[in-house]
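Report on the following structure.
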Amino acid sequence: MNVKKFVMLMMAVLLLGACGSKADDKKEKAKPASTEEKADDKKTVEADAEQKDEEKKSAKKEDDGSELNSYIKEKTGGDVKVVYTNKNPGLKHAYSEDVTIEIDEYQIVHVSNMNESAKTDFDDDNEGYVLTYKMTLDNKADEDVYYAGGVSLLSDDGGEYIIPRQHFVDRDEWLKDDSTEHASQYSKGKSFTGMNAHSMTKAQFEKLTTPTLKIDSLFLDDDVSKKLGEDAVFKLPFNEGGAKKAETTAELYQDKMVTDNIADKEIFFQKTDMKETKEIDGVKITLDGVQYANVTPTDAHADRFTNFGDGGLVALTVKTTIENGSETPFDKFLIDRKLIIDDDRGTMFNQGMLEPSYSGTFKPGDKDEFLTVFLFRKDEFDIFKKFELQIGPLKDENAKALFKEKSVSFDLPVKK
């Protein structure tokens, strides 16, 4: 064999080998799953199916039609039908690190064919609705706390309070501590569970989707001036649409537009993880985040916004944390907060009517969150380019400026 033929033969062998290798790769990739792999896949499918079955069973269990508060039937003498039940609302509020209150479950029932005397709780209508909620007060603190039972249920539009009717709950199931001498006293290191109720007319109920339940703050030593924490504010969805609205509302900073149903807010920009800290002689002030939202006043509060014209509104809510590491107390209500616009365009002061109510003394060692609200006309907001938040000076209860009248400033992110 001459050299030329030998070389051609060797090239043909190499080419066939390469083709064979590619074909083997394709066969390997296309190789059917083994029996073990099929079994694993089957187990995965079965596990997914079992999980879906459990979810369906759980959903059915959530809405099994059982009555949370059977006393309603006895109290009204009427026919009771369950309308909506939420056995796991996930609503919990901390008055302090050791004291919390939680809504464990709530239910709405329709009442008809009731006794004549019962109609007075429904504006003399022949039918109505009752909301019952079960709540747990957990006091892990090393001292007793006091709760006077103050609750309010506010309609979606902020214009109507739904009256509490504790007499619709059997006295044995009220939230109480039978071991204490005062009705409002709750022992340290214990948990207490009880129920409360509100009645609604048919007309009221049909307007409600996500009313706001507010449970008063607690106090210490049987002294209402020694307040413990802030009011608990919960959105209670009355239907599936309300549940979606509540999820959206939970993401909002809880200024009074949210907690008092003064306005509906739709966020168009937010930054909630800023964590920028500055100090005034030991007082740490941290900028936590900002939320910008388009604002639509509710019907009941529309008149409060007439000074802003007929156009759209924008709200800026700023969240800060203040920690008094100094030895000097200062007043919470008198903390100056203002917004410097575009360096020298102008200064805007905060809208106290839209903020949580801050009162009392910021003692050494105290730490608390503050929400500051600024309100703009939409057409003016679109012109502004730069916002600078100024906090301070801090003042005593007589409005005297402290810490040499010092203040701190933060540049706020802005996005249209």
Given the Cα-Cα distance of SER66 and THR321 and 0.36 nm per residue of separation, how much length would full extension add, in nm?
-> 87.4 nm
Over segment 92-179, calculate the relative contact order: mean separation of alpha carbon pairs under 8 Å at least 6 apart, over the residue count, as a percent.
-> 25 percent
Can you work out the accessible area per residue across segment 195-252, with the rest of the protein chains kept in place, probe 1.4 Å, in square angstrom?
-> 45 Å²
With all protein chains present, segment 181-244 has a carbon and sulfur share of its accessible area (1.4 Å probe) in percent of 48 percent
So what is the relative contact order for segment 168-297, in percent, with contacts set as C-alpha pairs under 8 Å and at least six apart?
-> 15 percent
Checked segment 153-270 against the a/c 1.5 cut and the a/b vs b/c comparison, axes a ≥ b ≥ c from its Cα gyration tensor; verdict oblate
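How would you classify segment 294-390 from its alpha-carbon gyration tensor, with a ≥ b ≥ c the square roots of the eigenvalues: rounded for a/c under 1.5, else prolate if a/b is greater than b/c, otherwise oblate?
oblate
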Tell me the label-point distance for the pair LYS275, ASP79, using the 7 Å Cα-to-Cβ offset, in nm and rounded to one decimal.
-> 5.9 nm
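Could you work out how much longer the chain between SER112 and PHE268 gets when fully extended? Use 0.36 nm per residue separation minus the Cα distance between them, nm to one decimal.
51.7 nm
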Relative contact order %, segment 266-416, counting alpha carbon pairs below 8 Å whose residues are six or more apart | 25 percent
Put ASP104, ASP172, ASP331 in order of accessible area, largest first, 1.4 Å probe: what do you get?
-> ASP172, ASP104, ASP331
Simple spin-label estimate for ASP344/GLU405, 7 Å along Cα→Cβ, in nm, reads 2.1 nm
Loop-resident sites, segment 65-142, for trypsin sites (Lys or Arg not before Pro), counting at most 13 other Cβ within 10 Å (DSSP) = LYS140
Would you please give the FRET efficiency between ARG171 and ASP368, computed as 1/(1 + (r/R0)^6) with r the Cβ-Cβ distance and R0 = 45 Å, to the nearest 0.05?
-> 0.75
Along Cα→Cβ, 7 Å out, is where each label goes; now give me the distance between the ones at ASP223 and GLU251 in nm to one decimal.
-> 4.4 nm
Convert each backbone phi in segment 281-287 into a coupling constant with the Karplus relation 6.51 cos²θ - 1.76 cosθ + 1.60 (shift: θ = phi - 60°), then list the ³J(HN,Hα) values in order as whole Hz, x for Gly and Pro.
-> 6, x, 8, 8, 10, 10, 7
For GLY78, list long-range residues whose amide hydrogen, built 1.01 Å from N in the peptide plane, is under 5 Å from its own amide hydrogen.
-> ASN115
Karplus (6.51, -1.76, 1.60) ³J(HN,Hα), θ = phi - 60°, over segment 362-370, in Hz, Gly and Pro reported as x | 8, 7, x, x, 6, 9, 7, 8, 10
When the charge dipole of segment 161-270 is computed with +1 on Lys and Arg Cβ and -1 on Asp and Glu Cβ about the Cα centre, the Cα farthest towards its positive end, among ILE162, ASN239, SER179, belongs to ASN239
Loop-only check: which GluC sites (Glu not before Pro) in segment 77-162 are DSSP coil with at most 14 other Cβ within 10 angstrom?
-> GLU97, GLU143
May I ask you to list the GluC sites (Glu not before Pro) in segment 247-305 that are in a DSSP loop and have at most 16 other Cβ atoms within 10 Å of their Cβ?
-> GLU251
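Which of rounded, prolate or oblate describes segment 67-225 when judged by the alpha-carbon gyration tensor and an a/c cut-off of 1.5?
Because a/c hits 1.5 or more and a/b exceeds b/c, segment 67-225 counts as prolate.
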Exposure of VAL295 as accessible area (Å², to 10), given a probe of 1.4 Å and all protein chains = 10 Å²
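The values are calculated or read from the model by the stated rules, or taken from the named source; none is laboratory data. Since this is a predicted model, take the numbers as computed values, not measurements. Every residue, glycine among them, receives a Cβ derived from its backbone with ideal geometry; neighbour counts consider all protein chains shown. Remember, those area values only see protein heavy atoms, side chains included, never the ligands or the DNA or RNA. Shrake-Rupley method; radii C 1.70, N 1.55, O 1.52, S 1.80 Å.
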